[in-house]
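The values are calculated or read from the model by the stated rules, or taken from the named source; none is laboratory data. Just so it is clear, the model here is predicted, and its values are computed rather than measured. Here the Cβ positions follow ideal geometry from the backbone for every residue, glycine too, while neighbour counts run over all protein chains shown.
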Amino acid sequence: MLAAAILCVFPRLAGADSVESELWNRIKDGNDVLLLETYLTAFPNGEHAATARELLASLKRKSGTTAESVKRSYLPGETGWIGVNLRAIEAAGFGSGLGGFAIGSLIEKVIEGGPAAKAGLRSGDVVVAIDGKETGKPRELSEVLRAMLPGTPIKVRVVRADGTADLDLTVGGGFTDVSDLAEAGDAGVQWQLALAYSSGRNTGKDPAKAFEWARRSADQGHADAQNFVGYCYDKGEGVPADAREAAAWFRKAAAKDHAGAINYLGTYYELGRGGLPKDEGEAVAHYRRAAAAGNDFAIRNLERLNLEPYDLARIQSGLAALGHDPGPIDGKMGSKTADAIRAFQAGALVPIDGLPSLALARMLEKAGAPAAGGAAPPGGAAEGAVASRAAVGDFDFSDLDSFDSFD
């Protein structure tokens, strides 16, 4: 029927071949998507079909009307999303920084079925540029992506072990695509959908749905989601408050070394909540473990108790595990412990002072030594310190803005 209509447009031409040639001559140097689609419909195996398809694909990429974006129906104002978990890393050989180094975003996980996976991005890739512009740290990359309309075609530059690659990617939707993949059962995406409902981005705030999706993710063992479920039970957000349930979920997340959950358990021990005994020694040990993992709330709790944010006995244990002799592991500072600290600092290429610190505890933890956990050293809890309702166990909402990050 369409071919007949084209013949009517060119009545002076006798045959289909002549019609095809005339039509192609009219459209080959233009940028009319509709005419190109008309040509391909009438002449799918025509002489110029391959060229027409390439030209059509190019025009659609430029206009943001890829076939996938046409099929999808996104919410007004929906933010962009590509479906990766990221962390910051230096990428050599690219960027304007000193020595050609740039802070890039290392892809730790690519969500199966998401836009990044469809574009060919892989775990281990370092994203350094979007459409030729350097992306910087993961949060900066997330902000760039969220500002894009779903369906927008972009070119992503990544650094790989074998060089760089430029990949074409179509940005997905931070609610529509996330919802589809969450329904399919991906625990990480379910957690992201929980964050969407908690923050109100794209969806409007809905604590009950935030809890529902976090629980589905937590049931699959996702530590962030387990901590959030504990938070919901603690605060009564989206679910009736239940301190015993909260403690149970904090324990599950803490078993996976989740710093927020470890700090929360510290507050429960300090206050004697959720069926846990009132035990300041356990509280301090949990606070110090969480502080060594970077939890600011734990540091505030230790400051409130007038305690150092590190556990000297655990630092001694960590030094010993790495082959540095600190003397007796007794939580008491002596010359052998100072010498062991200096030896570790020299090997780590950091300023050498021989002093214990939270930074040292964190370095030992990163080095694989057990410098951040365990019981409090003898006399570690401040004498006469009293459990207080000022204990800080709040959920860290700073990552709620990060959909393609730590996410």
Residue under evaluation Asp242, criteria (1) touching a Lys or Arg at 6+ places or on another chain (Cβ under 7 Å); (2) without any contact (Cβ under 8 Å) to a residue 24 or more places away in the chain; (3) over 30 Å from Arg342 (Cα atoms), criterion not met: (1)
In the stretch 309-326, what residues are in contact (Cβ under 8 Å) with a residue 12 or more places away in the chain and either under 31 Å from the mean Cα position of the chain (by Cα) or outside any helix (DSSP H, G or I) (or both)? Pro309, Tyr310, Asp311, Arg314, Ile315, Gly318, Leu322, His324, Asp325, Pro326
Can you tell me which residues in the stretch 149-163 are within 28 Å of Ala57 (Cβ to Cβ) and surrounded by fewer than 17 Cβ atoms within 10 Å (Cβ to Cβ)? Leu149, Lys155, Arg160, Asp162, Gly163
Taking the residues in the stretch 70-95 that are more than 16 Å from Arg157 (Cβ to Cβ) and outside any loop (DSSP other than H, G, I, E, B) as candidates, determine which candidate is modelled with the lowest pLDDT. Val70
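Residue by residue through the stretch 159-191, note down the ones that are part of a strand (DSSP E or B) and not hydrophobic (A, V, I, L, M, F, W, C). Steps first, please.
At the first step, the residues of the stretch 159-191 found to be part of a strand (DSSP E or B) are 159-160, 163-170, 172-173.
Within the stretch 159-191, Arg160, Gly163, Thr164, Asp166, Asp168, Thr170, Gly172, Gly173 meet the criteria.
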Subset of the stretch 200-236 [hydroxyl-bearing (Ser, Thr, Tyr), closer than 29 Å to Tyr74 by Cα and modelled with pLDDT of 95 or more]: Ser217
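Check Val178, Val189, Val239 and return the single one that is modelled with pLDDT of 95 or more and not aromatic (Phe, Trp, Tyr). I'd like the intermediate steps shown before the answer.
Values: Val178 fails: modelled with pLDDT of 95 or more; Val189 fails: modelled with pLDDT of 95 or more.
Just one listed residue meets the conditions, Val239.
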Please find, among Ser357, Ser335, the residue that is modelled with pLDDT of 85 or more and closer than 17 Å to Pro309 by Cβ. Ser357
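Which of the following residues is over 23 Å from Tyr197 (Cβ atoms) and either crowded, with 22+ Cβ neighbours inside 10 Å or not assigned by TED's automatic domain parsing to the domain that holds Val84 (or both): Val127, Val171? Working first, answer last.
Working: Val171 fails: over 23 Å from Tyr197 (Cβ atoms).
Residue meeting the stated conditions: Val127.
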Would you be able to say whether some residue in the stretch 212-222 is surrounded by fewer than 24 Cβ atoms within 10 Å (Cβ to Cβ) and in contact with a Leu (Cβ under 7 Å, 6 or more places away or on another chain)? no
Go through the stretch 277-294 and give me each residue that's buried (at least 24 other Cβ atoms within 10 Å of the Cβ) and either within 14 Å of Gly318 (Cβ to Cβ) or in contact with a strand residue (DSSP E or B) (Cβ under 7 Å, 6 or more places away or on another chain) (or both). Arg288, Arg289, Ala292
